[in-house]
Amino acid sequence: MLKIATCEIVAPIVACLSLVSVAAAKPSAGSIAERVDQTITRELFNDSTQLAPRASDETYLRRVWLDLIGDIPSPEDVVAFVLDSSPDKRQRVVRELLDDPRYGQNWARYWRDVVFSRRLEERALIAADAMERDLAKQLNDNVPWDKIAAKFITATGDVRDNGSTAIIMAQSGRTEETAAEISRIFLGIRIQCAQCHDHPYDRWKREQFHELAAFFPRIGIRPVRGEARRSFQVIASDHVRRRKPKKEGLPTAEHRMPDLNDPTAPGVLMQPKFFLTRAKLPRGTSDAERREHLARWLTRNKWFVTALVNRMWSELVGEGFYEPVDNIGPDREASSPTAVKLLAEKFRQSGYDLKWLMETICQTEAYGRDSRPRRGSEGTAFTANVPQRLRGDQLFNAVLAVLAINENDAPHGRYRAGEGDGPRHRRSTRHRFDEVFGYDPSVSRESVAASIPQVLALMNSPQVNRGISATGDHLLARLLREEENDQDVVVKLYLRCFSRGPDADELAAALAYREDIGDRQAAFEDLLWALLNSAEFHYRR
């Protein structure tokens, strides 16, 4: 009886101690944020360094809403946040937004753009919705990043059903292209530059690229035709008997490195080897074992955590430790090597917890500073946050929020994904909007600028022009009926568009224009139109 009683008492204690040990293993976001700031200060700043001041509450709230959930706060949210005197309100709003379902949706769309911006053909977009749906759920459930990456590396199945097939589908199942994208996206290393010759700037040899490609020869893409729909399937086969040259997008037994001097030659038979550690598998290893081993080796490598930390830091602070975010590695120099190493190690200790990483970065002084234009080559990194041009989805959400339009009520159009793609696929207004305003999130942000099609699209958009109408039941019409004071209308429009009130000059200019026009409805339609088309609206500061 004594033994039973002791076990009954001890077992719960042991379980509790185990839970405490697990909880203690996860670093405190606030303490790590402070250490990161201290490290950056020590490595980069001196007595003459001029740091941007802490961002205002209005700027911080709009920034963190756009960064975490891809939307802008309502005027009511802004007022409540500004009036809140709690010293921890910024930390609290970050946690609240990370628990918002829009967090997963926003970042799933970000990764969708990362994957499909480099697609080989338009038909690959057939997999985009599934990727967005599945990844949003995983991100909201806070599935560890290493588990998410492993699913992309090992995926098979219908691309409309399994969102993790997206990278392979985007590269049409091609061996070399898939290997290159896996490295670029998850390691931040452009080893594809060594596909035809030794890398011109880094240490990677041509053989190393093709040894990585040797993990992927047995995968391919096959069309799936049914009465109700058409799709594609990522397949894997260990029973390939093909003696003829491999057809693009179909499995083959082993990968061969082409002979550049004789393209008709069969090429050198390659053994699967992971270029960062030289871990290898014998030829003849099954597809499942190849990709499972690669997923394990890749996600346990330091460049896996470094690439993710650097990418998220760049997206939130506006500048990465390495730039661009998909061109890092042992031959690149970080702006603050100790800080990125610290943050990467703590991210690994957190269990690859993406929400923990977001919370940590958002608590740093580097993130919370006011914004300044992107620095030149002689400037010092991280003295300020850097304005970011909104991605297509973020801008679309902001337009809907300002005009109080429900996305489900937005008109839908038809879009053909590409010639030879069979039946036309329904494409929403969001998709068509993103085609104009979207960009590859991996590119250096100084290369992302407004284009003439973007300017014309928003200026001439029938949906936007209907939305700013001061007639009927539109937002502006309701506001003009509710507010007789023109100054109050100006303040509310600025608050709605920019999450701040107008300064004295802006208010004076708006009221003077109202006076000159005479027609109250027309004047405020013009003002709202101007705010929506302004640079400030298209950026998060």
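None of the figures in this text is laboratory data; all of them are computed from the coordinates on show. All figures in this text were calculated on a predicted structure; none of them were measured in a lab. Cβ atoms come from the backbone with ideal geometry, glycine included; neighbour counts cover every protein chain shown.
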Item to check | Degrees between helix 101-116 axis and first principal axis of the chain (Cα, 0 to 90, nearest 10) | outcome: 60 degrees
Item to check | Principal axes of the chain: Cα extent on each, largest first, Å | outcome: 80, 70, 64
Next on the checklist: If I take every Cα pair under 8 Å that is 6 or more residues apart in the chain, average their sequence separation and divide by the length, what percent do I get for the relative contact order?
Outcome noted: 17 percent
Checklist entry - Once you list every other residue whose beta carbon is under 11 Å from the beta carbon of Lys280, what net charge do they have if Lys and Arg are +1 and Asp and Glu are -1? => result +3
Item to check | 24 Å tail of the calculated P(r), the stretch 263-392, as % of Cα pairs | outcome: 43 percent
Item to check | Surrounding net charge for Val79, when Lys and Arg each add one and Asp and Glu each subtract one, Cβ distance under 12 Å | outcome: -2
Next on the checklist: So for each of 348-361, 59-72 I average, over its residues, the number of other beta carbons within 10 Å; can you give me the resulting order with the highest mean first?
Outcome noted: 59-72, 348-361
Checklist outcome for this item: For the chain, longest principal axis from Cα atoms; helix 392-403 axis from its Cα atoms; angle between them, nearest 10 degrees, is 20 degrees
Next on the checklist: Compute the helix-to-body angle for 128-140: its Cα long axis versus the longest principal axis of the chain, expressed 0 to 90° and rounded to tens.
Outcome noted: 80 degrees
Checklist entry - What is the magnitude of the charge dipole of the chain about its Cα centre, with +1 placed on the Cβ of each Lys and Arg, -1 on the Cβ of each Asp and Glu, and no other charges, expressed in debye to the nearest 20? => result 2900 debye
Item to check | Cβ-based net charge around Ala384, under 11 Å, with every Lys or Arg adding one and every Asp or Glu removing one | outcome: +3
Item to check | Positive-end residue, the chain charge dipole about Cα centroid, Cβ charges, pick of Leu342, Ile405, His293 | outcome: His293
Checklist entry - In whole Å and largest first, what semi-axes does the C-alpha gyration tensor of the stretch 256-328 yield when each eigenvalue is scaled by 5 and square-rooted? => result 32, 18, 9
Item to check | Largest-first principal axis extents, alpha carbons of the stretch 102-299, Å | outcome: 51, 41, 28
Next on the checklist: Quick check for me: using +1 on Lys/Arg Cβ and -1 on Asp/Glu Cβ, what's the dipole size of the stretch 102-299 about its Cα centre, in debye to the nearest 20?
Outcome noted: 240 debye
